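What follows is calculated from the coordinates using simple rules that are stated; it is not laboratory data. As the structure is a computational prediction, the values presented were derived from the model and not from experiment. Counting neighbours? That spans all protein chains shown, and the Cβs are built from the backbone with ideal geometry, glycine included.
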Amino acid sequence: MCKINSVKNPYKFDIGSIADLCIDIIIQSDVKPKFGQVEQLIEDYCIDAGGSVAIFASQYAKLGGKICLAGLLGDDAQGNIVLSRLKESQVDVSLVKSRKDIVTAMGFNYSCKGDRALLVSLSSLESISPVIFEQALLVNTLHWHIGGFFLLKKIAGHWIPFLKELKVRGTTVSLDTNWDPDEQWSDVLTILPFIDVFIPNDAEAMAITQKESIHDAGLFLLKYCPLVVIKCGERGAIVFSRQTVTEFNIPEELLKNLNIKDTTGAGDNFDAGFLFMWLRNKSISESVINGFRCAISSLGGLGGIKNQYHPQIPNYE
């Protein structure tokens with residue numbers, strides 16, 4: 001693997017990605033909604049850029065990495081918010097297109113007493129077609145990250161030719177499918193042989209493999225992919241490699257004074273922290289800890305971006 005910080009690094013970007021861009025509307029309240037035009041008061045809300053890749057990209061850029069996104073938004077107020085937020089985080093959005101004939105996708109998250117209701121309007125995501133792979137191949141990048149796999153429905157079955165080309169170029173690839181709203185989990189196993197790092201959460205790993213334990217799921221996925229990092233929420237993470245299976249607990253110092261406001265995007269922020277270190281040839285342990293750091297930081301604010309880890313002076317060289 002090419003070391004990103006090497007003087008001879010020939011790549012413009014560390015990471016490229018096709019983004020599941022949307023506007024996130026997040027509401028936090030101890031009151032469950034009532035129908036029948038009942039007006040109720042809530043505690044807090046947030047409107048921000050959303051989509052797993054947008055959150056991932058914003059965190060990766062804040063760590064000091066260079067990342068470029070390809071994607072599609074509506075030429076509307078929501079799309080402008082998404083673009084503005086990503087630019088603010090220093091994410092390259094030169095391959096993100098805006099169209100007047102579509103509406104920006106939306107994710108609605110209602111958080112109430114430790115539980116969440118999620119509603120999604122795919123809108124602009126439904127207009128992303130396999131043509132976008134032609135744009136994606138223009139990105140001069142060391143690594144490619146796939147997120148929001150099941151929301152990009154029109155390209156879900158068209159990844160293999162693109163991934164084969166990446167492999168010819170020597171580009172490494174990571175995957176975090178996120179949840180499948182249809183719960184079919186199709187096409188994942190067909191692309192896993194082209195993936196260098198698979199980073200699902202525990203529920204996703206077991207659903208994809210139809211296994212009843214995280215350990216069995218990880219070993220099954222390891223037959224397809226050389227490095228599997230399963231996120232287990234408050235229980236930490238388990239890393240499966242061809243050499244070892246290692247469980248990682250969250251360090252106590254990261255949990256001090258933790259006030260969980262919202263869990264949106266925590267897994268995507270973990271991905272960014274992990275890959276930032278992994279791409280710099282740091283150890284698996286260092287990569288996982290940095291993933292924890294980014295995930296836990298994001299829990300302190302509504303949405304996946306507002307409270308992201310943003311070191312004043314990055315020291316990862």
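Seen through its C-alpha gyration tensor, with square-root eigenvalues sorted a ≥ b ≥ c, the range 25-166 comes out prolate because a/c lies at 1.5 or above while a/b is bigger than b/c. In terms of its C-alpha gyration tensor, the range 166-257 has a prolate overall shape, because the principal axis ratio a/c (a ≥ b ≥ c, square roots of the eigenvalues) is not below 1.5 and a/b outweighs b/c.
If the convex hull of the alpha-carbon atoms of the range 1-90 is projected onto planes in all directions, what is the mean projected area in square nanometres?
Working: hull surface 34.3 nm².
One quarter of the hull surface, i.e. the mean projection, equals 8.6 nm².
Size of the dipole of the chain about the Cα centre, Lys and Arg at +1 and Asp and Glu at -1 on the beta carbon, nothing else charged, in debye to 20?
Working: 30 positive and 36 negative charges, 192 e Å.
Dipole of the chain, to the nearest 20 debye: 920 debye.
What is the sum of charges around MET206, taking Lys and Arg as +1, Asp and Glu as -1, for the other residues whose C-beta is under 11 Å from the C-beta of MET206?
Numbers: positive: LYS211; negative: ASP202, GLU204, GLU212, ASP216.
Summing Lys/Arg as +1 and Asp/Glu as -1 gives -3.
The relative contact order of the range 133-253 comes to 18 percent, based on Cα pairs under 8 Å that sit 6 or more residues apart.
Would you work out if the chain is rounded, prolate or oblate? Take a ≥ b ≥ c from the square roots of the eigenvalues of the alpha-carbon gyration tensor; rounded if a/c is under 1.5, else prolate when a/b is larger than b/c, oblate otherwise.
It is rounded, given that a/c, with a ≥ b ≥ c, falls under 1.5.
Evaluate the relative contact order of the chain (contact order divided by residue number), counting alpha-carbon pairs under 8 angstrom at least 6 apart; express in whole percent. 17 percent.
Normalising by the residue count of the range 87-189, find the relative contact order in percent from Cα pairs under 8 Å and 6+ residues apart. Contact order relative to length: 22 percent. Listed from fewest to most Cβ neighbours within 10 Å, the set SER241, SER98 follows the order SER241, SER98.
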